[in-house]
Every structure is written in structure tokens, then in C-alpha cells.
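To keep things clear, I will list the structure first and then write my remarks on it.
The values are calculated or read from the model by the stated rules, or taken from the named source; none is laboratory data. Model, not experiment: these values are computed from the prediction. Note that we place each Cβ from the backbone using ideal geometry, even for glycine, and neighbour counts take in every protein chain shown. We work out accessible area using only protein heavy atoms, side chains counted, and drop any ligands, DNA or RNA first. Shrake-Rupley method; radii C 1.70, N 1.55, O 1.52, S 1.80 Å.
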2 protein chains.
Amino acid sequence: MFSPYQIELISKEDRHSMLAEILSTGEEIRTGATIDSNAAYIARKLEEAGIQVTRHNGVGDDLTTLAAVLREIAGRADVAVITGGLGPTADDLTAEAAARAAEVERVLDRGALASIEHFFSKRNRPMNSSNRKQALLPKGARCLANPVGTAPGFYLAIGKCTCFFMPGVPAEMKSMLTGEVLPLIDALRGGSPEHTLTRTITTFGLTESATGEKLAGFRTQFPEIRLGYRVQFPEIHIKFYLRGQDHSALQEQAARAAGWVSAKLGRKVLSLEGLSMDRVVAGLLIQKQSTLALAESCTGGLIAHLLTNVPGSSNYFLFSAVTYANQAKMDVLGVSPETLNQFGAVHEETAREMAAGARRRAHATYGLATSGIAGPDGGTAEKPVGTVCIALATPGRVFARRLYYNFADRLRHKRVFAVAALDVLRRELLAAP
Amino acid sequence: MFSPYQIELISKEDRHSMLAEILSTGEEIRTGATIDSNAAYIARKLEEAGIQVTRHNGVGDDLTTLAAVLREIAGRADVAVITGGLGPTADDLTAEAAARAAEVERVLDRGALASIEHFFSKRNRPMNSSNRKQALLPKGARCLANPVGTAPGFYLAIGKCTCFFMPGVPAEMKSMLTGEVLPLIDALRGGSPEHTLTRTITTFGLTESATGEKLAGFRTQFPEIRLGYRVQFPEIHIKFYLRGQDHSALQEQAARAAGWVSAKLGRKVLSLEGLSMDRVVAGLLIQKQSTLALAESCTGGLIAHLLTNVPGSSNYFLFSAVTYANQAKMDVLGVSPETLNQFGAVHEETAREMAAGARRRAHATYGLATSGIAGPDGGTAEKPVGTVCIALATPGRVFARRLYYNFADRLRHKRVFAVAALDVLRRELLAAP
């Protein structure tokens, strides 16, 4: 339990450098039956509030382990946020483990009991004796209200660390974190938080290592910014992490750094606001009041799928002809049998006719086409697996290019083909008046 | 590094009780920018292999912290599986941290260098000097091949713990875990006389809790099988975990249990071999020597994308018309303007004309169509967001049905619409002669 008295124990110079750890408990976490999305959510919220998260921990429902991990975390962190194990069943051991770690007994908490009783009476449901167990909290703990479920949370000082215990059900955790835990942590810190700022720059066309080399001078130039890379295949996302007292100064630093990165990477930069290829192309089409029709062979509908994931896509996306069969290429897109005979399905000329056909059929500003070999079979010496022909029909011309990729599987090829095709359109839209 | 010699160090009684910890590294993990799905995947695979996972850990890209956490884990576990930080950029610090924790230098690993060089030469791509950095491994480490990406993994003994280091990119991690790490751990354990067997039954059409209720008697019926559920949205996968001396007895138990589940769930079962909807439909189309054309409105190309993810899809998948615009529905599929005027785009009648049009256009055995409202906007009182009309044109008839879902977002709606449409086709194919 922390009190105004204990808040005073945090010395002034420590106020703005609180360290937090996260602990996720439960057999489903330990065995991997559940992906731990709570930890990421809590970390994001804490970092946004200016609390530095130093470590994530996950253990199963074992009393000894739980108590030991809690003591260990309490020895390192100022604040700990724990989820799971507050339910009514026998495998819910967190309150007992917390009591053990704090070396106190458990006592019936009247506030917790009242809140559980209220939950059941409001729903006209009978309360079990096992629900009464949920009101047994470590001595000195303070109850955290749970408006969404039966399990009340609580907080408790273990050593010098204030530990916040919440249910593992995401909806209950989220409501308790925002409504109770974050304001309490803010009070604990004594106001005036450190700000953190994260910024993402999306890129396409370079590998992660080539991107890193182009940005080799970054750390010298911007020592106050922590730089990270994230592969969102086939895009590379560049991340800035900043921390400081003055939020507008952080924004200014980030803007300068974004400008620097932009100058180094040129058209490889998709967005300085973290938008992925589909959203960038969607934005450009809307901005230019243009419409799009697709003719997809090797990408098999993926480009249409990506574009229609963006809400509002009906404003610019008219039609995609996923013409897997040659007959469909001729019937729907008007590709000539001679072209298919002479050059085959995977060729610049075929792609050009597909793009022009899609554009014409849908009365669109642009027609974009893909034809290639995603694998694992179908490659030849001349056109190996990973070959793609991309064509774009614009109001003024039709052009095509052939690209070659060599990734491990069919899905990666489809994905890189789709994003490369959108990139051809993106560059055209950027150059258009 | 472990060697046959070190395997001998593990005493006989310890062989079957190896304890493992998982460590996820990276700023995106620490700050919660990424949900850590790797840890759950690794935990599942280790538990399936009979290795007990005791703890999950997550830290950022900080050399001192990384080295300290590695030493700490090495003091507790027999095996550690670490992901992230093996890339070519300056924030990739894991190899350095491992060297520090093991108190060895880093040396250029010829095997790792050769594997990186091979990756680039195979792709005709130039290799950067930063990629050379990826071949600097702690002295005594052994390289783990990465067929999917540039970053080789490695393993190394830190104290009595064998630590396996893998890239954080999920596809690379998964291939390395299955291909290299699990067999090595198995060897390390000294070959287990106990077999483990995992079996997956895929289903569609019930929620996880409804599935659980239908299978309530399972544990009494099959006490020797551990049952698990996994949501692979919108499919629910049922998992059997078995362990025992006699492999064929395990297979027999699993087959009996699969039969029991099958009787309880009927046509909701997609596959007793763990196949997802796209593969099940692909298999049925091939088996019935049938072809398919699609007319996709609300699913926006997703059904075509799912089907073309399956290699060999050109054998049965002819064409999808992703007709987002009404004009395209009329022009390409021959939907009548009167139908669109009278009923609107989202209606059984429109869907029927779309399905018949797609089937006719592509000369396919079946025509499957979707028209609906994925959201977030576009819903009305009569047709709320989540409404989908699915129509199927077969050689003998054209029929449609209207379904209603209420999920949180556009992507989930697209996905459940697509799988529900494939389910209509699947049931038709199962009933067909």
C-alpha cells in the first residue's frame, strides 16, 4: 500500500526516472496457449505516460515461483504492473503470492467484498463462496475497482516497489489501468512527467542492413534519439524513441531527424507518419482524385485485399480482375491471344495489355497489373521463381518493368510483388501534377 | 556451445526434466510497440516437445541489461531460447551481449559468413559490410542456419545453460526453431524414450466457448489427452497433446478422440488433419475436378488471396472479379441495373447475379459471390455493419444466404465473410456426388 507519506519517500531527483516492470501470470501465458497482448498494451500506456518500462516477465500459476518473481521485481523496479490470477478458482494464486512476497497475511477486504457483492446483485446472479475468496487481499493492500468483471484488483508496496495487481481479462485490465492505475502512478511520481515520443518512418525498397548503412551517421547527428528498425515485410520501418521534459522540443528533434532520414533515403521513404504502402497509395489516390483498377495474376487478389483493408477504399478502388487463367486474361481484360502465345503469361507485354484492359474496363484513371511466378513451382531458367512483371496504364502511357526477387516462399513473393506494384503506382502519383 | 561431451554432463535423472526460459529482446518489445507472439509460439513448441517452460522474459536493446538478463537466466534454466537483435544494424546487440555474458570475445565465424555470403550470391545482391558484422559470433558459439533471411542464429553455453539465439522475424524464427533448435534440444536431452503427439482438428462456425461446451465430456472420456483450444480467427482449432512410451498407442488414442470430436461437432469440423478452410476447399475442388470463379465485393480480393496462397491453385481457381464499384458489377459480371436499383449492392438477389455472372464468365463449375458491409461505415438499421450476402452458383442452381456478424473491426469482418463464403462452397462440395 502506498500513502501520501510513502510518496514523500521518493526523492525529488528520482521523480522523473521511475522504472517499471510488467509481470504476466497464468499457465496459458507460460505454455504459450495465449499470446500475451496485455504486456504490450501496458508497456505502451506506461511509456506514453513517461514511465520507462525496463522489463517484461511471465510465469505460470505456481505459488512459490510467483512470490519469488514478485520479490525479485520489487528489488529492481519502482513500479510493477501485474496481470492475471485474481479469479475465483483454485489456480488463482496471485493475492496469496503477493502476501507472501510482502510478508503479510491475507485479510478480508470490506471494500473488495462490497464491490463483488454489488457486481452480482446488479446482475441478479447468485454469489459463490469462491467469489468471497476474491476479497481476501494482502494486509495493507488497497482495492482497485473493477467495473467490468468480478475480480477486484489491488495495490500494495513490496519493499520500495508499488505493485499494481489487475485481472488478466484484457477488457477488465484496460479499464482498470486507465481508470485507476495510471492516475495512481502519476500521483506516486509527484506530477510533471517526463514525456516520451515515438515516431515511425516507413520505407520500401532497401533491405534492413542497407537502410542501416545509409543511416550510419544518425547516432552522431542525433545522439539524443534512440533508433530502431522493424521489418514489416516487405517494408522496413525506422523508429525514433525520444524522452525528455519538453514535449515540443522532442517533436522538433524528431522532425529534424525525420528530415535527415528523408534526405538520405529519398523516394524509398513511404511516410514520415508511419503509414504503410496501402495507406500511402490510398492517400495519394484521394489527393489526386484518381481511381484505380487492378489486373492481378501472381498476386492473386492480394493488392485488392490490401487496398480494401483501408476504410473508404470505395472512393478510389473500382475493380480488380484476378485473372489466374489465361482465358480470363483474354475474356475480361482483352489481352490478345497472340501476345499470350508469343510472350507467355509472364511478360512485360502481357502485363501492359492487362493494365490497359483493367483501366479501360473500369473507366479508371490508372490500371495496375501484375504477372509473375510466386512459386514454389513454375519457374524456368529465363523466368525463375520470384520474377514479376508490373505494368501501369496511366492517362498518357502504359509502361512495364520486370523485377526479380528471391525469397523463401510463395507468400513472401506474393507480398513483395504486391507492394512493389503499389510502389510503381506510388512513384507515378508522386510525379503526377 | 554444446558438444557430445557436454551432453554427458546432464545426469540421467535430469534428462527428462529440462527447464527452459524464453527471452524476447528489442525496443519494440520493451515499449509494447509489438505484441510478442514469438514467445508464445516458442513456449508452445517447447511444451509440445516435452520441455517445461518456466519463465518468459523481455528486455530492450541495452547491452548491459541484455548481458545481465542472460547471465541471470543461465543461472536458472537448462535451456534458453532468445529472439531478436541479430540483424545487421547498430541496435542489434545480442551477439555482443551473449559474448559478454559468457565472458568470451567475438570472433568471425566462417560458417556464419559463408551462409550470409550464400544468401546474397543466390539472390545476386551485393553484401554490405554491416552484414559481415552478423558473422561475428561469441567464441565457442555454433552457427544455426537461416534459410529464410540473412541473420544466422547461434547457440552457446553460458554457464550450465545452453542458449539458442534466433532472429526476431517470426518466419525466420519459426523455420530455425523447427529445423535446428528443437532437434538440438532433443539431442541435448539425450533422446527421450517418451513420445509426444500433437493433433489439430480445425473447425468453423462455433465460438470457442460453444466449442468447449459441446466437448464438455472430453476429459472424462479421454483423461490421458490434454485438450487445448486455439483461435485462428475465424477458425477454432482443437488441439490434442499426448505423451507416452508407445507411439502407435498414442496415434490410436488420438484417432479415437478425433472420431468422438467429429461426432459432436459434425459439419463444423473442417479437417481432422489440421487443415484450414482454404486448403480444405482446395482439396475438395481438386478431388471433384471442379473449377471456381469468384465475385468479391466486401471481401475485396481476400478469398482469391487465401485460395492462391495454396500452391497449385491454378488447377481449380480461374478468376475473381473484385467488383467494388457497382459499374464493375454490371460491366464485368452482368448484374442488371434493375436489381442494383431495386435491392442495392448488398442483397441476396445481387449476390446471386454476381455468382452466376462470375461462373458464366470464367466457364467455371462454381461461381461464389460476396456482398456485404465490412464497416466501419456504410451500415443501416436494416443492413448493419457485419451483414454479408453469400451466393453460390452451381451447375444446377443458384442460391444465396444472408449472414450477420458483429466483430470489432473491418479486417475481422472481411476475414469471417471470406471464410463463411468458402464454408458455403465446402458444404456444397461435400454434398456433391
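When a 1.4 Å probe is rolled over the protein heavy atoms, the share of accessible surface on chain B that falls to carbon and sulfur comes to 50 percent.
Counting only other chain Cβ atoms within 10 Å of each residue's Cβ, the peptide B:311-321 averages 6.
Label-point spacing for residue B:259 across the identical copies (point 7 Å from Cα in the Cβ direction), in nm and ascending order: 7.5. Ordering A:198, B:25 by accessible surface, largest first, gives A:198, B:25; the 1.4 Å probe counts only protein heavy atoms, with every chain in place. Each label point was placed 7 Å from the Cα along the Cα-to-Cβ direction; for residue A:381 and residue B:72 their separation is 5.9 nm. Per-residue Karplus couplings for the stretch B:124-141, computed as 6.51 cos²θ - 1.76 cosθ + 1.60 with θ equal to phi - 60°, are listed in order as 6, 10, x, 9, 8, 5, 5, 5, 4, 4, 5, 8, 7, 10, x, 4, x, 6 Hz, Gly and Pro entered as x. Full extension of the chain segment joining residue A:288 with residue A:121 gains 54.3 nm, where the gain is 0.36 nm per residue of separation less the Cα-Cα distance. Copy-to-copy label distances for residue A:397, where each label lies 7 Å from Cα along Cα-to-Cβ, are 5.6 nm in order of increasing length. Taking A:252, A:349, A:235 in turn, the Gaussian network model of chain A (Cα-Cα springs below 10 Å) assigns the largest fluctuation to A:252. Interface size, chains B and A: roughly 5900 Å² of accessible area buried, both sides included, 1.4 Å probe, rounded to the nearest 100. Just how far, in whole angstrom, is the stretch B:231-289 from the stretch A:165-229 if you go by their alpha carbon centroids? Their Cα centres are 42 Å away from one another.
For the pair the stretch B:306-366 / the stretch B:72-120, the C-alpha centres are spaced 52 Å from each other.
Of the peptides A:290-300, B:76-86, the ranking by mean beta-carbon count within 10 Å, highest at the top, reads A:290-300, B:76-86. Binning the C-alpha pair distances of the stretch B:126-260 at 5 Å intervals from 0 yields a P(r) profile of 2, 8, 14, 13, 13, 12, 12, 10, 8, 4, 3, 1, 0 %, listed from the shortest bin outward.
Per-residue Karplus couplings for the stretch B:51-59, computed as 6.51 cos²θ - 1.76 cosθ + 1.60 with θ equal to phi - 60°, are listed in order as 9, 7, 8, 9, 6, 10, 9, x, 9 Hz, Gly and Pro entered as x. Residues in the stretch A:354-367 carry Karplus couplings, in order, of 5, 4, 5, x, 5, 4, 5, 4, 9, 6, 9, 5, 10, x Hz; the curve used is 6.51 cos²θ - 1.76 cosθ + 1.60 with θ = phi - 60°, and Gly or Pro positions show x. Note on residue B:114 and residue A:404: the model spin-label points, each 7 Å out from Cα along the C-beta direction, lie 2.5 nm apart.
Per residue of B:170-177, other chain Cβ atoms within 10 Å of the residue Cβ number 2 on average. Among the residues of B:58-66, the average count of other protein chain beta-carbon atoms within 10 Å of the residue beta-carbon is 4. Under 5 Å between amide hydrogens, built in the peptide plane, is the criterion, and for residue A:164 it picks out A:80, A:81, A:82 among residues at least 5 positions away or on other chains.
Counting only Cα atoms, the size of chain B along its three principal axes is 78, 56, 41 Å, in decreasing order.
Taking label points 7 Å from Cα along the Cα-to-Cβ direction, residue A:327 and residue B:139 give a separation of 6.9 nm. Here the protein assembly as shown carries DSSP beta bridges of which approximately 65% are antiparallel, counting only pairs with both residues inside. Available extension along the chain between residue A:363 and residue A:397 is 10.7 nm, counting 0.36 nm per residue and deducting the alpha carbon span. Ranked by the mean number of other Cβ atoms within 10 Å of their residues, highest first, the peptides B:140-152, A:421-433, B:354-366 come out as B:354-366, B:140-152, A:421-433.
DSSP finds beta bridges in chain A, and of those with both partners inside it, around 60 percent are antiparallel.
Solvent-accessible surface (1.4 Å probe) assigned to residue A:404 amounts to roughly 100 Å².
Starting from the label point of residue A:337 at 7 Å along Cα→Cβ, the same points in the other copies fall at 3.3 nm, in ascending order.
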